[in-house]
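Note sheet for the following structure.
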Amino acid sequence: MRTSLIILTIMALFSSPMKSQKVIELMPGPIDGWSPRTEDVIYTPETLFDYINGGAELYLSYDMKEVSSRIIVNGSNEIRIEIFDMTEARNAFGVFTHTRTKDEHVFGQGSQKFTGALIFWKGRFFVTLTANDENELINKTLESIAKEIDKKITETGHLPGIVQLLPEEQLEPDGFIYFHHYIWLNSYYFIASDNILNISPDTDCILAKYGNKEERSFLLLIEYHDSLSAAANIETFRNVFFDKGNINGFQIMEDGKWVAVSGKDQYLIGVFSASDKEYASFLIAETITNITKP
């Protein structure tokens, strides 16, 4: 009887889920020469506007759960530490794509160092470190904090599968954003002010830049729940951007640029501002090839 109880206890220990990490637990320990200027404060979606006035929409549109904030000082040097719990890894990655210009792959699952700042994502967490200056001490401390937080975050997450469907040829390095809220549809190129393509929190979307700045084209890829939803929204796309009666997948605009749309399975593939019909067709064909790869 006692042996059976021990076996059941061991089985329970191994089968029980790992404790979910909290943002407050990921804050760094004491740092020599630096002292907290503020207590650690937790903000939720209900209080985020009080904390980030004018910038809260980004995090809320990616389903932010909470953020922990701390400010540390060393003389006149100041660093703000923010750790966002974005609920899912895809959300943390999405916020990262909005903020980074180049993924330097130093911390977490993606990171970038700016002047007086450092950001990275790992698992469902997005971390921002911002300073009031740029000097050797601050740079060293930013990297030390990032390294410690990176080590404390024990989970990792997968990139959204839709990222792998982007054609690689002429894609601007790290030149895409991942989102699932229609307000980011116009991040690179104005497409529509309303949610004409029925983008929802469960819809994966990517808007990517192709070619050089002089001849920039944009590829929009949306994954819907099923092929019927994709087909309906492709029809909406045609009604909005194409001349009446145009039933093919291409339309030349007043500025001489081309817009195109196609689909495959549950995906809508849109191209904007292509220099010619051939290039728009190329982007669509390459995307469909990636979708159909086994």
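General observations
- Matching residues, the stretch 267-285, being surrounded by fewer than 18 Cβ atoms within 10 Å (Cβ to Cβ) and touching a residue at least 24 places away in the same chain (Cβ under 8 Å): Ser275, Lys277, Ser281
- Only listed residue being hydrophobic (A, V, I, L, M, F, W, C) and either under 11 Å from the mean Cα position of the chain (by Cα) or under 23 Å from Lys209 (Cα atoms) (or both), chosen from Phe84, Phe96: Phe96
- Applying a threshold of 7 Å to beta carbon distances and a minimum spacing of six or more residues, or different chains, the list of pairs starting in the stretch 56-82 at a residue that is under 14 Å from Ile24 (Cα atoms) and ending at one that is crowded, with 19+ Cβ neighbours inside 10 Å and aromatic (Phe, Trp, Tyr) reads Glu66/Tyr43; Val67/Tyr43; Val67/Phe84; Ser69/Tyr43.
- Candidate set from the stretch 100-119 (those that are among the polar types (S, T, N, Q) and open to solvent by 10 Å² or more (accessible area, probe 1.4 Å)); member that is farthest from Glu78 (Cα to Cα): Gln109
- For Ser200, the test of being without any contact (Cβ under 8 Å) to a residue 40 or more places away in the chain and closer than 21 Å to Asn91 by Cα is passed.
- In the stretch 197-221, residue farthest from the chain's Cα centre (by Cα) [restricted to those that are among the small types (Gly, Ala, Ser) and open to solvent by 10 Å² or more (accessible area, probe 1.4 Å)]: Gly211
- Glu78 vs. criteria in contact with a strand residue (DSSP E or B) (Cβ under 8 Å, 6 or more places away or on another chain), part of a strand (DSSP E or B) and not polar (S, T, N, Q): yes
- Any chance Ala131 is surrounded by 17 or more Cβ atoms within 10 Å (Cβ to Cβ) and touching a residue at least 12 places away in the same chain (Cβ under 8 Å): yes
The values are calculated or read from the model by the stated rules, or taken from the named source; none is laboratory data. Fair warning: this is a prediction, and the values are worked out from it, not measured in the lab. Please note: Cβ atoms are built from the backbone with ideal geometry, for glycine as well, and neighbour counts cover all protein chains shown. All accessible areas refer to the heavy atoms of the entire protein, side chains included, with ligands and DNA or RNA removed. Shrake-Rupley method; radii C 1.70, N 1.55, O 1.52, S 1.80 Å.
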